[in-house]
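Working notes, beginning with the structure itself.
The values are calculated or read from the model by the stated rules, or taken from the named source; none is laboratory data. These numbers come from a predicted model, not from an experiment. Cβ atoms come from the backbone with ideal geometry, glycine included; neighbour counts cover every protein chain shown. With ligands, DNA and RNA removed, areas are computed over all heavy atoms of the protein, side chains included. Shrake-Rupley method; radii C 1.70, N 1.55, O 1.52, S 1.80 Å.
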Amino acid sequence: MNRLVRYSDGRPVVLRVDRPLGAGGEARIYEVLQAPDLVAKVYHDPEEAMARKLGVMLRNPPEDADTLLAWPVDLLVTAEGGRTVGFLMPRVSGRRPIFTFYNPAARRELGPLCNYRYLHRTGRNLAAAFRALHRRGYVVGDVNETNILASETALVTLVDCDSFQVRDPQSGVVYRCPVGRPEFTPPELLGADFGVVDRTAEQDRFGLAVLLFQLLMEGTHPFAGIYQGRGDPPPYEVRIRAGHFVYGSRSVPYRPMPSALPLPVLHPTLRQLFLRCFEDGHGNPAARPDAQTWLTALEEAEGDLTVCEINAQHYFGRHLERCPWCERAQQLGGRDPFPSVQDVRAGRHRVSVPRRRAPALPAELSGGVAGVPSVGGGYPSSVPVPASLPDPPQNVWALAAWAFLTAALLPTFRFFVLGALLCGLCGLRTAVRGPGPGRFSSLMAVSGAVLLGGATVLLPLLPKPAGAVRTISGLESAVGALAFSPDGGTVVAGTLRPSNLSGAQAGLLVLDPRAESSRTVATFRGDVNAVAFSPDGRYLAVGFMEPLGEGQVQLWRTADWQRLWERTAHRNAIRAVVFSPDGRTLATGGAFDYVRTREVFAQASLWDVGTGRLQRTLQMKGELNCLAFSPDGRYLIAGTGGGSSTRSVETGQVTLWDVGTGRAVWSIPAHGTTVLAVACSADGRVAASAGNDNAVRLWDLRSGRRLRVLEAGGFWLSSVAFSPDGSTVAAGGSDAVIRLWNVGTGRLVRVLRGHRGVVQSLAYAPDGRMLVSGGRDGTIRVWRLGLPGGDRAGSGL
């Protein structure tokens, strides 16, 4: 790198180039050795237009730019020639992306004491940042949750300020923002070429309102809901273009998600402002509330908050009759959105949701019968239990009728037998203790004896319930990737670098799936996001990224865990590594590798396993998140999306590549804005994809025709895997639940619960009898599934 100096006074600037703090398609971020409070952003390919734009920003800083914005403070130029290559800006520390505070699971883990009052204050500071920019004539343009950072004290900082739209107040020249995310883009801009459109503050207000809605509604998007029409649920841009605000006053073909927060929790003034933005503002952008209006309303709403008598962390509006957070904690099975200080100090806020069990026996019968297990004990949360069952009556003779009704509501064979057992106990109790009509007591005595005897005979015949037979915890960090060895005797896990521990490293763990132990065979300075065994089990490929630097791929020999070679594979994080079926080729995928005319591109790289030589690259638009080979090795499936371009972001794409020719066979819009996981069935006939629209889609591999849509819950699905026989597909994601579907019928055949965070990775054992899952909660769980084969794959349902 050339010698750099500050433009303002010519002082030399020394950067720590061996350890970049951040990297992207356009630039890298470096530490400034002589100024720890500053960082330097250095462009890969500096442009003269960017230099002029930065000059305008330096001459016209917004009010409070030093507290609300990572605003440029000086230009970086080369000592020889004075060419502008970047700029200096304040170093932002102690902040995280804003979504980690409005996402309930992330908040509970990273900021458990950030309550609803905190969210209101954060919203006020966010509105203040937009107000400062708009008053000075700037437009954010690319409004999204990743370029807004927040602290645990509700301070907000907007980053990536050099992407804002800037108007030179002297010449009138506009330096446009050429990127955008559809879920934050107003209807009038959807489909527009951002490279030629001058944006307005009114259009920024739409994105600001979406962020504020998510901030106050537990992460729910204002246009997210359960589709009531025919066909696939439309992506966000279609809903926004149509003005289908799910919580509005107009009739729309959606209903709120079951897990969504009820709109009346919001202060009445805020509710009216959201209606103004998303309904009145749909056809009239000027009707959208400006940043000052939001700031005033949020201040009013915050001042109207009161504190719950039970939990001092529960703040809610005085317009409500009772605490909504206490009710929500009950609805979520004890998982409190805003846990108490005492629970946080004791670590109880991280406890998983209590398992829902079949109705317990009344207190008089809680001791059970000798030799008969108590009802509901030891059965996993993978078994569905109705949300509401009739309360047990206090009158003794009516107890049996209650038991029969309970048994009828429990829809599986296992619980039918348990219901029969319950009925038998109730019948015997009625006969022995009364009171009740004589004939009824006699009838129940006979029925009870028969049912009790039948249940006693049938209970030993029940299949053993599926469950996490092994849980490996205490990993100190989230699990980024998993792989089963071909012989089924070993599981390898890659972990993410703990963000809260100075000097902590990610690891490569080896464990026996039949034992609750693991050992670390290697450590890495950056996250391990991808691992894969070669088909013969002799080699392991590992994809990781130096701390916010370049993506590296390594090949390890599994016999002695020796590293054979390492290559710099991508300019950003490696999201996928996968071996070809013959074991001779390794494919790697980088999140994104370069920016051309403001369009983000990624590539899949094909490497010779024996030599580590690069054979071919497959270039694709957007960010690449996942790869899978077809069983014959002829095709490579890629999932992309989420990258910004000069046009509003396209939906996530699934693309089938011909490995031999390097050409795309077909490419199909598949999910919302990004595809996060892909897999291929063992017979090579079906491909599966999962993404940020809470669904798994099955595709005909040859033609690209969609076969089936499998709906799930949560916000996104980050992992998908076929069983070895291809009869079942499993997926896990943001709601910490793993779901298994029958591929042929689309029927949900299993729901596995146990993780407390995002299920990041899934892998089947080669014989299909076990499924291993890795989560952001720092645990690995091994699930016993039983014999493979469609609906008989396990006994959870």
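Pop a pseudo-label 7 angstrom from the Cα along the beta-carbon direction at both residue 269 and residue 341 and give the gap in nm to one decimal.
It is 2.8 nm.
What are the residues whose amide H is under 5 Å from the amide H of residue 139, where those residues sit 5 or more places off or on another chain and H is modelled from the backbone?
Placed amide hydrogens put 165 under 5 Å from residue 139.
Out of residues 5 or more away from residue 44 or on other chains, whose amide H comes under 5 Å of its own, with H placed 1.01 Å from N in the peptide plane?
Under 5 Å from the amide H of residue 44: 27, 28.
How much length is gained on full extension from residue 487 to residue 67, taking 0.36 nm per residue of separation minus their Cα-Cα distance? It would help to have the intermediate numbers written out before the result.
On the way: separation 420, 0.36 × 420 = 151.20 nm, distance 5.63 nm.
Length gained, residue 487 through residue 67: 145.6 nm.
Using the Karplus equation 6.51 cos²θ - 1.76 cosθ + 1.60 (θ = phi - 60°), what ³J(HN,Hα) coupling, rounded to whole Hz, does each residue of segment 533-538 give in order, writing x for Gly and Pro?
Once rounded to whole Hz, the list reads 7, 5, x, 8, x, 7.
As an exercise, use a Förster radius of 30 Å and the Cβ-Cβ distance of residue 306 and residue 259 to find the FRET efficiency, rounded to the nearest 0.05.
Numbers: r = 25 Å, r/R0 = 0.83.
Efficiency at R0 = 30 Å is approximately 0.75.
Once the Cβ-Cβ distance between residue 536 and residue 48 is put in as r, and R0 is 56 Å, what FRET efficiency do you end up with, to the nearest 0.05? Provide the component values of the computation, followed by the final result.
Values: r = 54 Å, r/R0 = 0.96.
After rounding, the FRET efficiency stands at 0.55.
Cα gyration tensor of segment 23-137, axes a ≥ b ≥ c as square roots of the eigenvalues: rounded (a/c below 1.5), prolate (a/b > b/c) or oblate? Can you show the working numbers first?
Working: a/c = 2.63, a/b = 1.76, b/c = 1.49.
The shape class here is prolate.
Which FRET efficiency, nearest 0.05, do residue 566 and residue 668 yield, Cβ-Cβ r, R0 30 Å? Before the final figure, lay out the partial values.
Numbers: r = 35 Å, r/R0 = 1.16.
E(calc), rounded to 0.05, equals 0.30.
Hey, rough spin-label estimate for residue 703 and residue 33, points 7 angstrom out along Cα→Cβ, what's it come to in nanometres?
For residue 703 paired with residue 33, the spin-label model returns 6.4 nm.
Using alpha carbon centroids, what distance separates segment 1-65 and segment 663-715, in Å?
Here the two parts' Cα centres lie 41 Å apart.
HN-Hα J couplings of segment 225-238 from phi, Karplus 6.51/-1.76/1.60, θ = phi - 60°, integer Hz, Gly and Pro as x?
x, 7, 6, 9, x, 9, x, 6, x, x, x, 4, 5, 5
Please list 116, 175 in order of solvent-accessible area, largest first, computed with a 1.4 Å probe with all protein chains present. Could the numbers behind the result be given before it?
On the way: 116 5, 175 30 Å².
Highest to lowest solvent-accessible surface, that is 175, 116.
Quick one: 3J(HN,Hα) in Hz for segment 66-80, Karplus 6.51/-1.76/1.60 with θ = phi - 60°, rounded, Gly and Pro as x.
6, 10, 9, 9, 8, 7, x, 10, 6, 8, 9, 10, 6, 5, 9
Give the long-range amide H neighbours of residue 682: residues separated by 5 or more places, or on another chain, with amide H under 5 Å away, using H modelled in the peptide plane at 1.01 Å from N.
726
Using only the Cα atoms of segment 1-89, build the gyration tensor, take square roots of its eigenvalues as a ≥ b ≥ c, and label the shape rounded, prolate or oblate: rounded if a/c is under 1.5, else prolate if a/b is larger than b/c, else oblate. If you can, show how the numbers build up before the last one.
On the way: a/c = 1.37, a/b = 1.18, b/c = 1.17.
Here segment 1-89 falls in the rounded category.
I need the shape label for segment 199-298. Rule: rounded when a/c is under 1.5, else prolate if a/b > b/c, else oblate, with a, b, c from the alpha carbon gyration tensor. Let's see the in-between values first.
Details: a/c = 1.98, a/b = 1.34, b/c = 1.48.
Oblate shape, in that a/c is at least 1.5 and b/c is the bigger or equal ratio.
Roughly speaking, what is the stretch gain from residue 146 to residue 174, that is 0.36 nm per residue apart minus the C-alpha to C-alpha distance, in nm to one decimal? Present the calculation step by step, with values, prior to reporting the outcome.
Working: separation 28, 0.36 × 28 = 10.08 nm, distance 2.45 nm.
Length gained between residue 146 and residue 174: 7.6 nm.
For segment 1-152, report the accessible area per residue in Å² (1.4 Å probe, heavy atoms, rounded to an integer). Don't skip to the end; give the middle numbers.
Values: 6530 Å² over 152 residues.
Using a 1.4 Å probe on heavy atoms only, each residue of segment 1-152 averages 43 Å².
Roughly how many nanometres apart are two label points built 7 Å out from the Cα toward the Cβ at residue 471 and residue 286?
6.0
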